[in-house]
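Some notes on the structure that comes next.
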Amino acid sequence: MQGASLPNLSPYFGRYLGYGVDSGKLDVNMDYEITGSRIEATNLIVMDRLELGQPVTSDQAVNVPVRLGLALLRDGDGVIEINVPVSGDLDDPEFSVGKVAMRAFVNILSKAATSPFSVLGSVAELAGLSGEQLSEVRFVAGKTELADGERDKLDALAGALKKRPALLLNIRGGVAPDADGLALLRQRLAEQRGGSLSDEEWAQAREAYLAGERSLPPEALGNLASARGAWLRQQLAEDYGVDEAQLFLLDPERDAKADDQGLVAVRFALDAR
């Protein structure tokens, strides 16, 4: 089947996705094998320029960000191409090829919408870089400086964003109070002492900070959290060529996590227009 009108499938989309279809074309290449009443099939489904229409109230609709899932499945030309397997018993009165194929598509879309960075990881094809790793970058404590190897993540994210203009990247700057606080304190004390800070002086200052007996200026951690988010946005826009309209800064996180090496994670989130 070539060039079918996707708006004709609005009832299916409304039932399972919670949206009608405004526009788009559908190609389907089917390979069916029937033995007795048993059917085994594959469907290569190609949706070109699929655009959702108005929301539809449906108890059967999936509770996932549908627009995000579609934005992830589209390639750079706005085409969604997926293989949908179908199997069942034709004698079963509840069995319907159309319903099974639609539900399989909905499952694929739901997985993309609920694990978006895993989809980007597979698109980027970066060996050894998981979707979970793509969802954050790690900074050196006390600085707006990425840890070694973290720029590979920015490269992968930028490539995916440039191919999918409907995708939006939310950047949440952040600080880890202990790791970043200690690093900032050490920098401050070293500057006050002309760059010279003995191990004994630092040990005393560190203990006092962790005990709450010594503190930083109230704005110090907040400024660092905001600076990290702004730095990432600038890097992605200027160095990697991502459209600024796809990049958004969220309220910074003030209790971010630090790993065993003291590296601080700053998180990303994906959205869609």
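Please tell me if Thr42 is more than 20 Å from Arg74 (Cβ to Cβ), free of Cβ contacts under 8 Å to residues at least 12 places away in the same chain and of a type in the set (Ser, Thr, Tyr).
Spelling it out, it is not the case that Thr42 is more than 20 Å from Arg74 (Cβ to Cβ), free of Cβ contacts under 8 Å to residues at least 12 places away in the same chain and of a type in the set (Ser, Thr, Tyr).
In the list Leu157, Leu185, which residue meets the criterion of being more than 19 Å from Arg254 (Cβ to Cβ) and either out of contact with any Gly (no Cβ under 8 Å at 6 or more places or on another chain) or not hydrophobic (A, V, I, L, M, F, W, C) (or both)?
After applying the criteria, what remains is Leu157.
Tell me, which residue of segment 138-165 that is in a loop (DSSP other than H, G, I, E, B), open to solvent by less than 20 Å² (accessible area, probe 1.4 Å) and closer than 14 Å to Ala265 by Cβ is modelled with the lowest pLDDT?
Filtering first and then ranking leaves Glu150.
Just for segment 34-63: of the residues that are of a type in the set (Val, Ile, Thr) and in a strand (DSSP E or B), which one is least open to solvent (accessible area, probe 1.4 Å)?
Ile39
Name the residues in segment 76-101 that are at pLDDT 85 or above, part of a loop (DSSP other than H, G, I, E, B) and surrounded by 15 or more Cβ atoms within 10 Å (Cβ to Cβ), would you?
Answer for segment 76-101, where residues must be at pLDDT 85 or above, part of a loop (DSSP other than H, G, I, E, B) and surrounded by 15 or more Cβ atoms within 10 Å (Cβ to Cβ): just Gly78.
The values are calculated or read from the model by the stated rules, or taken from the named source; none is laboratory data. What you see is a predicted model, and the numbers here were worked out from it, not measured in a lab. Every residue, glycine as well, gets a Cβ built from its backbone with ideal geometry; the counts of neighbours run over all protein chains shown. Protein only, heavy atoms only, side chains kept; ligands, DNA and RNA dropped before computing areas. Shrake-Rupley method; radii C 1.70, N 1.55, O 1.52, S 1.80 Å.
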